[in-house]
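What follows draws every value from the coordinates through simple rules; no lab data is involved. Keep in mind that this is a model prediction, so the values were computed, not measured. FYI the Cβ positions are ideal-geometry reconstructions off the backbone, even for glycines, and counts take in every protein chain you see.
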Amino acid sequence: MGKRYAVLWLPFLLTDWYTRRHPDCADEPFVFTVPVRGRMSVSAVNPRAAQSGIVPEMLLADARAAVPHLKVLPDKPARKAKLLQAIGLWCIRYTPIVAVDATGCLILDISGCAHLWGGEAAYLQEIDRQLRQRGYDLRSAIASTIGAAWAIARYGPSGAIVPEGGQEKAVSLLPVACLRLESSLIEKLLKLGLRTVGNVTGMPDRVLKRRFGNEFVQRLAQTIGKEEEFMSPLKPVLPYTERLPCLEPIKTAKGIEIAVEKLLETLCQRLAGEQKGLRKAKLTYYRIDGKTGAVEIGTSRASAHVQHLLVLFRQRIGNITPGWGIEVFVLEALKVEEAIPTQELLWSGEGSLENAALAELLDRFKGRDVHCRIRRFLPDEHYWPERSIKLATSLTEKRTTTWRTDRPRPTRLLNPPHPIEVTAPIPDYPPMLFRYKGEVHLIKKADGPERIERAWWIEQGEHRDYYYVEDDQGRRYWLFRLGHYQGDRSANWYLHGFFA
Amino acid sequence: MKTSIEKSMLIADLQHQILQWQGFKQVERKETGLGLGTLERAFPGNVFPMGTLHEFISDNKEEEAASSGFLAGLLSFLMKKDGVALWISSSDQPFAPAMTYFGLEPERIIFVQMQKQVDILWALEEGLKCTAVKVVVAELQEINFVQSRRLQLVVEKSRVTGLLLRLQPRMLGATTCAARWHIRTQMSHVEGDMPGVGFPTWKVELLKVKNGQSSCWQLAWTPRGLQVEQLKAERTASSSKRKVG
């Protein structure tokens with residue numbers, strides 16, 4: 001089956017949008033204006049103004065002369081493009097591939113989509129009805145090429161459907177302007193008496209190329225279907241996407257769960273077939289009242305396990321607001337990785353970090369509490385206590401260096417260190433007593449000092465002299481003094497941890 | 001004529017029968033000890049109960065650090081060569097490099113930090129359900145009887161050991177835990193009055209044991225392992241000897 005395209009043209013896009021917000025303006029002529037080379041130029045007109053002969057790109061003074069009571073509104077430069085893009089995104093419910101072209105039309109790649117709405121005629125009628133209900137005037141067409149659909153949407157009867165291979169016949173009677181050409185080229189063609197497309201299709205390419213340039217020949221070939229035309233979709237289509245249109249709008253949690261399970265089953269089957277797994281997935285839902293929403297899940301290792309992913313989505317179902325009901329679900333795999341092949345038959349890897357059940361458990365933690373921190377520590381080659389550990393990036397990451405055991409380290413580290421008051425006899429002797437949170441601790445035994453310098457290539461600052469001390473009740477602490485003793489200031493002492 | 005081995009086997013058999021009459025069905029005769037020595041003698045059948053819950057009380061930061069050290073030592077016995085442990089806490093976590101001192105590889109522990117107590121309880125239950133994990137340590141403040149019974153039902157099925165470190169608990173009610181421990185720091189002992197701090201020394205109190213005897217020891221963690229400094233093993237008051245749970 002060949003490609004099929006639908007082109008939607010909204011001739012009064014800006015003014016329809018304004019009328020939607022201010023219904024009282026519907027019956028009076030109004031225009032949007034933008035300054036062009038120091039003069040006000042009309043950028044959009046509403047149907048009433050158009051009836052009076054005002055067209056876009058007319059000067060405001062001329063328009064005022066034709067209709068004295070014309071209402072004038074200022075236009076913003078990017079407003080039209082933004083509106084068109086919003087409508088384009090809304091159209092994703094009809095097809096995943098939607099593009100906006102430079103002339104202000106929406107191009108929908110509807111290959112393989114129309115039968116879901118019961119044929120192309122019903123499909124186009126549905127879009128037409130939905131947009132008209134929202135107050136937008138619309139001209140549309142379906143054809144096998146973008147060029148032909150565009151030509152008919154702009155210059156032909158609205159809602160026309162060109163059968164496959166019939167585009168040359170369909171456009172032959174239309175004016176040459178329907179080929180999306182520059183205005184100077186159109187003038188040139190008209191001057192030569194070539195008014196319709198039919199006049200030029202019979203001519204050899206060689207002749208046309210010499211007289212009207214390469215672009216003209218390319219446009220003609222694209223319209224007729226001799227050359228393929230590419231479009232850049234608003235949303236890049238992800239290779240792993242599943243959609244599920246629902247017959248009846250879905251409102252219940254159970255219904256959403258069934259829909260997610262169905263989507264996951266097809267997606268995971270595909271992923272498993274290609275030996276891949278999900279790392280990040282997004283479920284987008286389209287509600288019948290036009291609103292959309294999305295929930296996302298992430299996994300700590302590539303997974304194509306339906307039940308596990310379903311559990312993760314189940315934790316997120318509470319965040320979905322179905323409103324009056326959801327009509328389409330789209331499941332996208334945002335991040336896909338090569339899955340580690342599982343050897344479930346030989347041994348399940350029980351008790352090791354490679355176990356899939358462990359990764360799934362941690363995913364559930366993350367799903368329950370988004371701010372939950374799951375960490376694994378590996379040794380790092382630094383003396384500075386805070387830097388002596390680094391976070392492992394994955395569950396299976398191996399340590400590259402050994403854990404240091406030659407120096408005592410506290411089982412609980414205070415972060416940041418807590419300032420304390422200390423009495424120490426003479427420099428470099430361990431302290432005699434210290435005060436922490438109002439309690440005085442008499443030091444009976446002490447080890448140290450252990451001097452730890454800062455890594456100068458990372459940060460600037462003073463060194464620390466650590467003491468491992470035990471007080472009269474057997475409680476063990478890790479204290480340090482920051483920097484050297486200096487005559488003019490009292491030493492800075494800190495408590496940095498508790499020993500076992 | 002019976003040899004001493006046969007005699008001791010007979011005694012062990014009788015003890016097992018008594019335990020069964022008392023309604024204690026957990027202990028299996030095949031189970032061997034962990035190598036904790038005197039510590040295991042306080043438990044029924046002289047076996048450290050695995051696949052159950054243990055409760056550790058700590059009243060302040062210093063006791064918390066001591067309990068963390070003792071737990072790390074216990075984990076090294078429980079996890080042996082392989083296995084993964086979860087350590088679920090709310091705010092600060094143990095400092096991983098210190099665990100190597102207690103014979104534990106810190107990279108085999110996954111530290112989980114969650115904000116709410118409810119979430120920690122939930123994570124504890126999920127962790128105990130998962131057989132891929134060998135031990136789950138959870139730092140909690142409060143746990144009531146209903147919550148602990150729920151966890152007990154989970155561990156009976158999965159045989160995962162759960163260690164609850166209770167930080168400054170306000171109430172010490174009854175729980176289904178197999179044992180309740182309290183670990184306090186003690187003055188360390190140095191040979192011949194040499195300067196410096198000795199090996200980590202604790203007063204380990206077993207406040208409650210299911211079908212066992214509550215005891216108290218003074219233990220030191222030396223590079224050779226857990227050593228009983230002065231074997232007190234004093235039987236605490238008879239009131240706390242009754243069956244717990």
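Some points to look at:
- CD proxy at 222 nm, helix term only [per DSSP H run n ≥ 4: -39500 (n - 2.57); per residue of chain A; nearest 500]: -8000 deg cm²/dmol
- Listed peptides A:374-386, A:320-332 by packing density, highest first (mean Cβ within 10 Å): A:320-332, A:374-386
- Overall, region A:5-161 carries a charge dipole of about 440 debye about its Cα centre when +1 sits on the Cβ of Lys and Arg and -1 on the Cβ of Asp and Glu, all other atoms neutral.
- Distance between the pseudo-spin-label points of B:Q15 and A:A81 (7 Å out from Cα toward the beta carbon): 8.4 nm.
- With 0.36 nm allotted per residue and the present C-alpha distance subtracted, the A:I288-A:T103 stretch has 63.6 nm of extension available.
- Annotation for A:E421 and A:K169: the two label points, set 7 Å from Cα along the Cα-Cβ direction, are 10.1 nm apart.
- Zone residues, region A:384-425, relative to B:D92, backbone N less than 17 Å from point 7 Å out along Cα-to-Cβ: A:385-389, A:409-421
- Each of A:V237, A:A491, A:L391 was placed along the dipole of chain A (beta-carbon charges, centred on the mean Cα), and the one lying farthest toward the positive end is A:V237.
- Dipole of region A:137-196 computed with +1 at Lys/Arg Cβ and -1 at Asp/Glu Cβ about the Cα centre; of A:G165, A:I142, A:I152, farthest Cα towards the positive end is A:I152.
- Shape call, region A:167-224: gyration tensor on alpha carbons, a/c limit 1.5: rounded
- Percentage relative contact order, chain A, counting C-alpha pairs under 8 Å, at least six apart: 9
- Overall form of the protein assembly as shown per C-alpha gyration tensor (a/c, 1.5; a/b vs b/c): prolate
- DSSP beta bridges fully contained in region B:50-234 are about 40 percent antiparallel.
- For region A:201-353, a/c is not less than 1.5, where a ≥ b ≥ c are the root eigenvalues of the C-alpha gyration tensor, and a/b does not top b/c. That puts it in the oblate class.
- Efficiency of FRET between A:L73 and A:L433 - r from beta-carbon atoms, R0 56 angstrom, step 0.05: 0.10
- Separation of alpha-carbon centers, region A:90-155 and region A:1-50, rounded to whole Å: 18
- Of the beta bridges in the protein assembly as shown, as assigned by DSSP with both residues counted there, near 75 percent are antiparallel.
- Taking every residue in A:376-382 and counting other chain Cβ atoms within 10 Å of its Cβ, the average works out to 4.
- Of the peptides A:254-267, A:46-59, A:452-465, the order by per-residue mean of other Cβ atoms within 10 Å, starting with the highest, comes out as A:254-267, A:46-59, A:452-465.
- Magnitude of the charge dipole, chain B, Cβ model with Lys/Arg +1 and Asp/Glu -1, debye to 20: 1020
- Basic side chains Lys and Arg get +1 at the Cβ, acidic Asp and Glu get -1 at the Cβ, and with that the dipole of the protein assembly as shown about its Cα centre reaches some 1120 debye.
- If R0 is taken as 56 Å, the Cβ-Cβ distance between A:R206 and A:K254 corresponds to a FRET efficiency of 0.25.
- Fully extending the segment from A:R451 to A:K335 would add 37.1 nm, taking 0.36 nm per residue of separation and subtracting the current Cα-Cα distance.
- Gaussian network model of chain B, springs between alpha carbon atoms under 10 Å - residue of B:V118, B:V136, B:V84 with greatest fluctuation: B:V118
- Contour excess over end-to-end distance, with Cα ends at A:D24 and A:R195 and 0.36 nm allotted per residue: 57.4 nm
- Relative contact order (percent, whole number), chain B, Cα cutoff 8 Å, 6+ residue spacing: 20
- Modelled label positions at A:T401 and B:S4, each set 7 Å beyond Cα in the direction of Cβ, lie 5.3 nm from each other.
- Cβ-Cβ distance of A:Q275 and B:S158, R₀ of 51 Å, FRET efficiency by 1/(1 + (r/R0)^6): the value works out to about 0.95.
- Dipole of region A:14-122, positive direction: furthest Cα of A:G38, A:T95, A:A61, with charges on the beta-carbon: A:G38
- Peptide B:188-198 has a mean of 3 when you count, residue by residue, the C-beta atoms of other protein chains within 10 Å of its C-beta.
- Percent RCO, i.e. relative contact order, over region A:5-161, from Cα pairs under 8 Å lying at least 6 residues apart: 31
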